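The values are calculated or read from the model by the stated rules, or taken from the named source; none is laboratory data. None of these values were measured; they are calculated from a predicted model. Heads up, the Cβs are rebuilt from the backbone with ideal geometry, glycines too, and the neighbour counts pull from every protein chain shown. For the accessible areas, the whole protein counts, side chains as well, though only heavy atoms, and no ligand, DNA or RNA atoms are used. Shrake-Rupley method; radii C 1.70, N 1.55, O 1.52, S 1.80 Å.
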Amino acid sequence: MNYLSKLKEVISEDHLIKMTSEMISIPSYAGIPNQETSVAMYIKSIFDENDICCELKEVTDGRCNVIATLKSEKPGKKIILNGHIDTVEPNDMEDAFVPRIDCGNLYGRGASDMKGPVAAMIEAMIAIKKSDSLKSGEIIFTGVIDEEHNSKGTIDLLESGITADAAIVGEPSDLEIHTAHRGLEWFEFHFIGKTVHGGAQDEGVNAISKAVDFINAMEESLIPEIFSRKHDLLKEATLNYGVIHGGTQLSTVAGDCYLYVDRRFLPYETYEEVVEQFKTLLNSLSIKDPFFRCEMRVTEESKMKDGYVHLPMEIDPEHPFVSLIKRHVEDVTEKPAIMSFFPAWTDGGLLKGYRNIPTVVFGPGIVSCCHSKEEHIPIWHLPKAALIYALTAVEFCNS
């Protein structure tokens, strides 16, 4: 059955603008009591109004996931529409929680990342319900907490036993189909020296100097090795040291120095290999230099619950689920679908890595403006995305 016209009739751009705007106006960044729960309650109220089964699930400290389900009486396939409901801080964005429309774009913190995509998923569920399009199977919307930090929301879903035959993570992809992203870890390297007065340098150990030795060793051997690792879609693995600080004052030999490293790894690299690369280099330096001391750990910002890490995500671009989304993107946009990769990490790494759920990243919005003072979403993206989500979910389940 051709559901395109049937679903298109019941998708409302005005309702999408209203939902996105109202979610933008509800702050959900770290530090707010119960952080995302007010957004979760708002989403539940919309599902309740449309008679769609929905529940709030407390994950931690009063912070709640919101889970809605459309289920046919006939058994069939199950699909997850996953989106996070937390945002980054307002930072330098003025009036971050006062949504405004300018030149066809809706501005506000979370517009693209990712309250706009979440609104499109909600609208897709409502359209499917109104049009009575789901004939078999089950569609699950999961609005999750904490993706911007430790992904406690999606981890809680996994530990609750959730399963599916496919998933879409609605991060802003500019309506491109993203079939892969790199894994991620942030490491802290604490170089430990001996603090003495600068006039007695021979009696101290300069931790900054030891950090320089480590950086030089990385530049000489590890970084060329890492960047030599290629991938047809993701291009290459990466390593970046983005922050360094050490010492206390100019007249004192630095007793401590901290270096922070961002490591992005490819689907065929294991997390254990990534960790071992650094440990091997640190060990070689300590063998050469008896005064070289360094403690390595995962940063608090990057640390997940025990047993979980930021795994990469990949699905074969020729996978039937990808082909299905591709067809509906082209039907709705009337343009050839663009296939690419997501430049950041997503909860898709958890869904694919720990439950082996075939997962695609696809959503309205523009990733390059996320976290910035100009975050926005093109309004025309919203109904297009909602229709693509609805068509994909319905055909996947009904087939």
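Restricting attention to region 263-281, the residues that are closer than 12 Å to L222 by Cβ, surrounded by fewer than 19 Cβ atoms within 10 Å (Cβ to Cβ) and aliphatic (A, V, I, L, M) total 1.
Of these, T333, T280, T299, which one is on the phi < 0 side of the Ramachandran plot and in contact with an Asp or Glu (Cβ under 8 Å, 6 or more places away or on another chain)?
Numbers: T333 fails: in contact with an Asp or Glu (Cβ under 8 Å, 6 or more places away or on another chain); T280 fails: in contact with an Asp or Glu (Cβ under 8 Å, 6 or more places away or on another chain).
When all the criteria are applied, what remains is T299.
Just the residues that are open to solvent by 10 Å² or more (accessible area, probe 1.4 Å) and among the acidic types (D, E), please, taken from region 129-153. Scanning region 129-153 gives D132, E138, E147, E148.
Residues that are under 21 Å from S368 (Cα atoms) and of a type in the set (G, A, S) were ranked within region 305-343; the one that is surrounded by the fewest Cβ atoms within 10 Å (Cβ to Cβ) is S340.
Within the set E148, E138, E159, the sole residue that is under 21 Å from I377 (Cα atoms) and of a type outside the set (A, V, I, L, M, F, W, C) turns out to be E148.
Taking the conditions exactly as written (touching a Lys or Arg at 6+ places or on another chain (Cβ under 9 Å), of a type in the set (S, T, Y) and within 24 Å of V361 (Cα to Cα)), does T87 satisfy them or not? Even if it seems obvious, please write down each step before you answer.
Working: touching a Lys or Arg at 6+ places or on another chain (Cβ under 9 Å): yes; of a type in the set (S, T, Y): yes; within 24 Å of V361 (Cα to Cα): yes.
Answer is yes for this residue.
Taken together, the residues in region 351-397 that are open to solvent by 40 Å² or more (accessible area, probe 1.4 Å), in contact (Cβ under 8 Å) with a residue 60 or more places away in the chain and over 22 Å from D316 (Cα atoms) amount to 7.
In region 35-46, of all residues being within 24 Å of the chain's Cα centre (by Cα) and hydrophobic (A, V, I, L, M, F, W, C), the one that is surrounded by the fewest Cβ atoms within 10 Å (Cβ to Cβ) corresponds to M41.
One residue stands out in region 173-183 among those that are touching a Phe, Trp or Tyr at 6+ places or on another chain (Cβ under 8 Å) and open to solvent by 20 Å² or more (accessible area, probe 1.4 Å): the one that is nearest to L250 (Cα to Cα), namely R182.
How many of the residues making up region 184-195 are aliphatic (A, V, I, L, M) and crowded, with 17+ Cβ neighbours inside 10 Å? Of the residues in region 184-195, 1 are aliphatic (A, V, I, L, M) and crowded, with 17+ Cβ neighbours inside 10 Å.
Just the residues that are surrounded by fewer than 16 Cβ atoms within 10 Å (Cβ to Cβ) and not in a strand (DSSP E or B), please, taken from region 216-246. Result: N216, E219, E220, S221, P224, E225, F227, S228, R229, D232, L233.
Mind checking whether some residue in region 358-378 is more than 14 Å from the chain's Cα centre (by Cα) and within 21 Å of A237 (Cβ to Cβ)? No, there is no match, as no residue in region 358-378 is more than 14 Å from the chain's Cα centre (by Cα) and within 21 Å of A237 (Cβ to Cβ).
Free of Cβ contacts under 8 Å to residues at least 60 places away in the same chain and either among the aliphatic types (A, V, I, L, M) or in contact with a strand residue (DSSP E or B) (Cβ under 6 Å, 6 or more places away or on another chain) (or both): is that true of I315 in this structure?
Working: free of Cβ contacts under 8 Å to residues at least 60 places away in the same chain: no; either among the aliphatic types (A, V, I, L, M) or in contact with a strand residue (DSSP E or B) (Cβ under 6 Å, 6 or more places away or on another chain) (or both): yes.
Answer is no for this residue.
Of the residues making up region 129-153, those that are part of a helix (DSSP H, G or I) and not polar (S, T, N, Q) are K129, K130, K152, G153.
Of all residues in region 15-56, which are of a type in the set (S, T, N, Q), part of a helix (DSSP H, G or I) and either under 18 Å from L106 (Cβ atoms) or modelled with pLDDT under 95 (or both)?
T20, S21
Picking from residues in region 1-16 that are buried (at least 16 other Cβ atoms within 10 Å of the Cβ) and of a type in the set (D, E, K, R), the one that is farthest from I46 (Cα to Cα) is K6. Set side by side, the residues A211, A200 differ, and just one is surrounded by 15 or more Cβ atoms within 10 Å (Cβ to Cβ) and in a helix (DSSP H, G or I), which is A211. In the set E273, E220, only one residue is among the charged types (D, E, K, R) and either closer than 28 Å to I177 by Cβ or under 31 Å from the mean Cα position of the chain (by Cα) (or both); that residue is E273. Kindly evaluate V59 against the criterion of being open to solvent by 30 Å² or more (accessible area, probe 1.4 Å), touching a Gly at 6+ places or on another chain (Cβ under 7 Å), at pLDDT 95 or above and not in a loop (DSSP other than H, G, I, E, B). Judged against the criteria, V59 is a match.
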